[in-house]
1. Whole number in Å², please: accessible area per residue of the chain, 1.4 Å probe, ligands, DNA and RNA not counted.
2. Determine, from the Cβ-Cβ distance of Met194 and Leu60 and an R0 of 45 Å, the FRET efficiency 1/(1 + (r/R0)^6), rounded to the nearest 0.05.
3. Carbon and sulfur together cover what percent of the accessible area of the chain at a 1.4 Å probe radius?
4. Is any helix in the chain, taking whole DSSP H runs, at least 24 angstrom long along its axis by alpha carbon and on average at least 1.6 on the Kyte-Doolittle scale, and which ones?
5. Mind listing the Cα extents of the chain along all three principal axes, in Å, largest one first?
6. Which Rg and Dmax, in Å, describe the Cα atoms of the range 144-288?
7. Across every pair of different alpha-carbon atoms, what Kirkwood hydrodynamic radius in Å does the range 69-117 reach?
8. For Lys244, go through the lysines and keep the ones whose alpha-carbon is under 28 Å away, minus same-chain ones fewer than eight residues off.
Amino acid sequence: MAEPETLAVGSGAAPAPVPPPARRRRLGRRQRQRLGRTAGYLVFVALLLAVVAAADWGTLADAFFRLDVAGEMFPEAITVALRNTIVYTLLAFAFGLVLGLVLALMRLSSVGPYRWFATGYIELFRGLPSLLVLFMVGYGVPLAFPNREIPGGVYGAVTIGLGVTAAAYMAETIRAGIQAVPKGQLEAARTLGMSHGRAMVSIVLPQAFRIVIPPLTNEIILLTKDTSLAYVLGVTATTIELTKFAGDALNTRVNPTPLVVAGLLYLAITLPLSQLVRWLERRAAKER
């Protein structure tokens, strides 16, 4: 047998190269993020399906979604309760907007007492609960002025009680909007012969309100929910709002379906407003 041929030492022949081991392909950052989101979605869907499968929908529907109970709430739920809720919201917002504008201008004033008063007011009413303010307006004012009544009765009391609290928040929002307008525009208006007040009204405030429209719309949403506190003033059948109306129906029928109906009616107000806020924010971003 022929022996295998061997390479002589120093013959100059190089050994055959050994191929490197195959490397595992690493996932990129975007791929890892995509996998993480997919895993999160799957876990969320699994938990949601588990809750849906475990719930007793028959008992839940009988407790919260009885159509006969809901039907008895209409049309008063819309013609009285929903209407009053909207009226309370608009009145309190208008009052708070006017007062908030005055407070914002006082907050930016060069006169010290104006700034001190506005700062104290804002800090005070931002720290007090709206329920307490409503109670003090509804019962404290008549005691302090026994021979005078708040104009508008319950409507006036709700307007003042919710408005003075909302004004504290709106004042800071409007102040931020005014300060966001470049100072050069006010200075340019003054060089053209405009007074400071005329320049503020004609030049600064329109731009400031364009900036603060989204947060002011959010304030309307908050006021809509705060109208549920009007019950502390002792509302009547004609001045009742959604939450009190649903609570009375709950006590009458001993069924929580009226609360679900009230919640849906609140959403009928707040969801379109939320969409409006998003649209305004997108529009402002495009303008910028």
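The values are calculated or read from the model by the stated rules, or taken from the named source; none is laboratory data. Computed from a predicted structure; not experimentally measured. Cβ: placed from backbone, ideal geometry, glycine included. Neighbour counts: every protein chain shown. Quick note on the areas: whole protein, heavy atoms, side chains included, nothing else; ligands and nucleic acids left out. Shrake-Rupley method; radii C 1.70, N 1.55, O 1.52, S 1.80 Å.
1. Details: 19000 Å² over 288 residues.
Per-residue value: 66 Å².
2. That pair, Met194 with Leu60, gives E of 0.10.
3. Heavy-atom surface of the chain belonging to carbon and sulfur, 1.4 Å probe: 66 percent.
4. Counting only whole DSSP H runs, the qualifying helices are 83-107.
5. 132, 72, 29
6. When restricted to the Cα atoms of the range 144-288, Rg and Dmax are 20.9, 70 Å.
7. It is 13.5 Å.
8. Output for Lys244: Lys225.
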